[in-house]
1. Can you run down the residue pairs with Cβ atoms below 7 Å, 6 or more apart or on separate chains, where the first is in the range 146-169 and outside the structural domain of THR126 (by TED's automatic domain parsing) and the partner is within 16 Å of the ligand (Cβ to nearest atom) and modelled with pLDDT of 95 or more?
2. Going by the structure shown, is LEU226 away from the ligand (no atom under 13 Å from the Cβ), open to solvent by less than 10 Å² (accessible area, probe 1.4 Å) and closer than 28 Å to ARG414 by Cα?
3. Output the number of residues of the range 394-415 satisfying the condition of being surrounded by fewer than 22 Cβ atoms within 10 Å (Cβ to Cβ) and polar (S, T, N, Q).
4. Out of everything in the range 188-230 that is among the hydroxyl-bearing types (Ser, Thr, Tyr) and under 23 Å from THR484 (Cα atoms), what residue ends up being farthest from the chain's Cα centre (by Cα)?
5. Quick check on ARG72: is it within 25 Å of ARG275 (Cα to Cα), basic (Lys, Arg) and open to solvent by 20 Å² or more (accessible area, probe 1.4 Å)?
6. Considering only residues that are open to solvent by 20 Å² or more (accessible area, probe 1.4 Å) and not hydrophobic (A, V, I, L, M, F, W, C), look in the range 94-106 and name the one that is nearest to GLY238 (Cα to Cα).
7. Out of the residues in the range 50-69 meeting the condition of being among the hydroxyl-bearing types (Ser, Thr, Tyr) and within 13 Å of the ligand (Cβ to nearest atom), tell me which one is surrounded by the fewest Cβ atoms within 10 Å (Cβ to Cβ).
8. Checking the condition within 13 Å of the ligand (Cβ to nearest atom) and among the hydrophobic types (A, V, I, L, M, F, W, C), which residue from LEU297, LEU233 passes?
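The values are calculated or read from the model by the stated rules, or taken from the named source; none is laboratory data. The model shown is predicted, which means the values in this text are computed figures rather than measured ones. Neighbour counts are summed over all protein chains in view; Cβ atoms, including those assigned to glycine, are modelled from backbone coordinates with ideal geometry. Accessible surface areas use protein heavy atoms only, side chains included; no ligands, DNA or RNA. Shrake-Rupley method; radii C 1.70, N 1.55, O 1.52, S 1.80 Å.
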Amino acid sequence: MARRISSVGVVGLGTMGAGIVEVFARGGLEVVGVETTEELADRGREILQASTGRAVRRGKLSEEEQQALLDRVTVSTELADLAGADLVVEAVPEVVSVKQDVFLRLDDVVAEDAVLATNTSSLSVTEIAAGTRRPERVVGMHFFNPAPVLRLVEVITTPRTDPEASEGVRELAERLGKKPVVVGDRAGFVANYLLFGYLNSALAMVEQGHVSREDLDVAMRVGAGLPMGPLTLMDLIGLDVCHHIGEVIYGHSRSPLHRPSTMLGRMVTSGRLGRKSGQGFYTYASAGSGEVVPDELTPADHGDVEVPEAVGVVGSSPLAEDLAGRLDEAGFRVTHVPDAGGDLGPLASVGLVIEAQEEEPDPESEPAGRDVDDLFAELGEVTAPGTLLTTVNTYSGVALAAISGRAGETTVLRVHAPTPHAQVIEIGRNHATAGPTVRTLREVVRRLEAVPVVARDRTGLVVDALLVSYLNDAVRMLDEGYATVDQVDTAIRHGLGYPMGPFAMIDHIGADEVLVIAEELYSGSAGYQPHLAPSPLLVEHVLLDQPFTEGAAAGRG
Ligand code: CAA
């Protein structure tokens, strides 16, 4: 049985180190935190004071409990004060030699069977361990920012790690109410490996002008139900840290998915490091603040927007019925043509048409339905010039824009299921879409009490393109033996605060549905993005009709 860890130390009291100290102290342990200078030690105390003070203000901690917690923490500038620690976690800068130096000095201080843990997010634990005199007592203990909130702790073992050391750390993490996942030493471990593929794809969208920074973040927070948008998250993590982790993962995978973004590199070089420097993708009230203030990229308010009073809805799908009802409630005059084969004449006087048949028409139906191409050709003739035409049906509306002869007015709408944050409706614009068209559609979406996101009309727009590529990547990770279903789902839920892990999400959406979108994305990328190729394991699960998670399997049985 592993030795029970009861006294702990932390070296380095930046954001992560101070957060780790707080986790230990909240768990009732005596903690010694060590910094190199009095000034840095004071900053560590301030971080701890501010974080626990916030908990007091929110009524999560009484003042007495806060004081008791702070009393369990000793802050020092002497490594020698760690002599009694069963475990020391280092959270010093991400430089192998700096970390090895800390461990070499600790070798002379701590007991022989004490465990030395690194909170590295990007370096090889094996390499750090190899430079110490006791590699068998070295493990990774990787926390997630903010450490007091996020429950995942990745416990990373190397080929030399004594199982007793890793088991002791795992048991401690569990005792602290955390969710430990024991994994091997691979680039990005589990959570960062998946996270950084997704962040890189999101970055590429902004870099290529596919979507604005605000719309991208709204799409993923509100539309996909994630706790934060990707750019806000990168600003929180620190752009220098993101850049470094990204390079390490790319060095390992060599996949175009992880190819480092040149934009990110330039931002780091120019000193835009995210919240900590006061400027990253957004501008903050001051260095270290999380309060976003307007800057030159903040969308301008265009004042009053012209919105049509009369709107047409075509189709009898549940979505068409829902939209017609909501438009009516929002005060629009709605002309609903349930049958796509029906008379389109009444649409002559509307200012916006939403085509929402969802399914291709049944050729046997009476009167015979028009297919979507014929429908748009006729809409182009029947409706007045300037009428906006939209489709919820296809992944790209460009062909319909050509068919209707209304390039500037034909767009795609993608209506997402509501999340606890709200509902997103994406608007896919093409090359010819005029500014006023976009502004009108944004306003119509707002009047439906949904949140608009505007992106270029490319397969999957933003939400599906990012989410499905991430889900496919999770399956590839499983297929390559990187981690198990349970490890990945636990890591993503508790390390990144997602409402569910990727495998639970695939089972929730349906692997067949995910595969259809993955295939669309891959064919839409014209082979330029090989990582979008659907994972063979995903195909296998669809063909064999097998869920990924036990919960889903039990639900079926
Ligand atoms: N320290 C301590 N507690 C904090 C905190 C901090 N820095 N920030 C927020 N909290 C607490 C709040 O006090 C609040 O607690 P209660 O619910 O007990 O009242 C709770 O967290 C929620 O906070 P807010 O209501 O202020 O804000 P929110 O709901 O928007 O949550 C968030 C903020 C916790 C940061 C949330 O958005 C989140 O989980 N985001 C995801 C962050 C993420 O993905 N982190 C991982 C990054 S990757 C990494 O760290 C690994 C690496 O190697 C780089």
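1. none
2. On the way: away from the ligand (no atom under 13 Å from the Cβ): no; open to solvent by less than 10 Å² (accessible area, probe 1.4 Å): yes; closer than 28 Å to ARG414 by Cα: yes.
Here the answer is no, as LEU226 does not meet what is asked.
3. Result for the range 394-415: 2.
4. Initially, the range 188-230 is screened for residues among the hydroxyl-bearing types (Ser, Thr, Tyr), giving 193, 198, 201, 212.
This time we only want the ones that are under 23 Å from THR484 (Cα atoms), so: 193, 198.
Numbers: TYR193: 12, TYR198: 7 Å.
Of everything passing the filter in the range 188-230, TYR193 is farthest from the chain's Cα centre (by Cα).
5. Details: within 25 Å of ARG275 (Cα to Cα): no; basic (Lys, Arg): yes; open to solvent by 20 Å² or more (accessible area, probe 1.4 Å): yes.
Answer is no for this residue.
6. Our first condition is that a residue be open to solvent by 20 Å² or more (accessible area, probe 1.4 Å); within the range 94-106, this holds for 94-98, 100-101, 104-105.
Checking the rest, the ones that are also not hydrophobic (A, V, I, L, M, F, W, C) come to 94, 97, 100-101, 105.
Values: GLU94: 13, SER97: 21, GLN100: 23, ASP101: 24, ARG105: 29 Å.
Only one residue tops the list, namely GLU94.
7. The first filter runs over the range 50-69 and keeps only residues among the hydroxyl-bearing types (Ser, Thr, Tyr), leaving 51-52, 62.
With within 13 Å of the ligand (Cβ to nearest atom) added as a condition, the list becomes 51-52.
On the way: SER51: 18, THR52: 23.
Taking the candidates together, the pick is SER51.
8. Values: LEU297 fails: within 13 Å of the ligand (Cβ to nearest atom).
Criteria check complete, one pass: LEU233.
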